[in-house]
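Shown below is the structure under consideration.
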Amino acid sequence: MERVGLQALVRDEVGKTAARRVRKRGWVPGVLYGRGVEATPVAVELRALRDALHGHGMNVLIDLALRRNGSEETRVVVVKDLQRDIFTHEIIHVDFQAISLEETLEAHVPLVLVGTPRGVVEGGVLEQHLREVLVEALPTAVPEQLTVDVSELAVGQVLHAGDLTVPEGVTLRTPADEVVATVLPPRVEEAPPAAAAAAEAPAAPAAPAPAREEGQGS
């Protein structure tokens, strides 16, 4: 797991009005809690937080330098939760959890599928059911992502969570029978209903020849 530094200020004011003022200055309101820490309202610079997450992912380890009344202390934290604006998707609140590097934690790790399945080459369709899995490991051992080679997956085959290979020191907590991906059979295009009905309808009988009137010359 990557590790970055981030500056934070302890907030003296809380509430919606105070949070709006923080955001107007280009900062994000948040809270710090966890091991050996009382719940503390904090604020971090939006750009710095965005860069940390964009460059290293949600599981990045953060050395949070907490400034309060002229003093500073550093805590190792992870991002436990993010809230985003429903329209702009910008970060509007963050939860930091203080952790110990000597104790395991659980984290959601993204799955990245690589390779073209044999079943897709044969006309099948790859369907991914899981985008991430839950693992447990020491904070420094949590992988940024798990890369899964699906090139040998044939039509009808299913890849389960229990089939995944995880690094040493990492325990998979997602149930082993959870479906990660499968290759569906090729789709058969059906004829439009009108065309199908026309193809199945019996041919109309031929019209009878007109009767010849008696007395007509032969």
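Would you confirm, using the coordinates I've provided, whether residue 32 is within 20 Å of residue 105 (Cβ to Cβ), of a type outside the set (D, E, K, R), in contact with a Lys or Arg (Cβ under 8 Å, 6 or more places away or on another chain) and at pLDDT 90 or above?
Here the answer is yes, as residue 32 does meet what is asked.
Which one of these is under 20 Å from the mean Cα position of the chain (by Cα) and farther than 25 Å from residue 167 by Cβ: 66, 49?
49
What are the residues in the range 145-166 that are within 30 Å of residue 62 (Cα to Cα) and touching a Pro at 6+ places or on another chain (Cβ under 8 Å), if any?
Within the range 145-166, the subset within 30 Å of residue 62 (Cα to Cα) is 145-148, 161, 164-166.
Result: 145, 146, 161, 166.
Further question: Please specify each residue of the range 169-193 satisfying the condition of being more than 23 Å from the chain's Cα centre (by Cα) and either touching a residue at least 24 places away in the same chain (Cβ under 8 Å) or surrounded by 12 or more Cβ atoms within 10 Å (Cβ to Cβ) (or both).
Of the range 169-193, the ones more than 23 Å from the chain's Cα centre (by Cα) are 169, 185-193.
Once the filter is applied, which keeps residues that are more than 23 Å from the chain's Cα centre (by Cα) and either touching a residue at least 24 places away in the same chain (Cβ under 8 Å) or surrounded by 12 or more Cβ atoms within 10 Å (Cβ to Cβ) (or both), the range 169-193 yields 169, 185, 186, 187.
Another question, then. Run down 51, 12 and say which single residue is of a type in the set (Asp, Glu) and at pLDDT 90 or above.
When all the criteria are applied, what remains is 51.
Which one of 26, 30 is without any contact (Cβ under 8 Å) to a residue 24 or more places away in the chain and touching a strand residue (DSSP E or B) at 6+ places or on another chain (Cβ under 8 Å)?
26
Looking at residue 94 and the list (1) outside the structural domain of residue 20 (by TED's automatic domain parsing); (2) in contact (Cβ under 8 Å) with a residue 60 or more places away in the chain, which single condition is not satisfied?
So residue 94 meets the others, but not (1).
Could you count how many residues in the range 159-168 are of a type in the set (A, V, I, L, M, F, W, C) and surrounded by fewer than 11 Cβ atoms within 10 Å (Cβ to Cβ)?
The number of residues fulfilling the criteria is 0.
I'd like the residue in the range 142-158 that is buried (at least 16 other Cβ atoms within 10 Å of the Cβ) and not in a loop (DSSP other than H, G, I, E, B) and, out of all such residues, is farthest from the chain's Cα centre (by Cα).
Only one residue tops the list, namely 148.
Just wondering, is there one or more residues in the range 159-173 that are in contact with a Gly (Cβ under 8 Å, 6 or more places away or on another chain) and modelled with pLDDT of 95 or more?
Among the residues of the range 159-173, at least one is in contact with a Gly (Cβ under 8 Å, 6 or more places away or on another chain) and modelled with pLDDT of 95 or more, which makes the answer yes.
The values are calculated or read from the model by the stated rules, or taken from the named source; none is laboratory data. Nothing here was measured: the structure is a model prediction, and the numbers come from that model. Don't worry about glycine lacking a Cβ; one is built from the backbone with ideal geometry, like all the others, and counts go over all protein chains shown.
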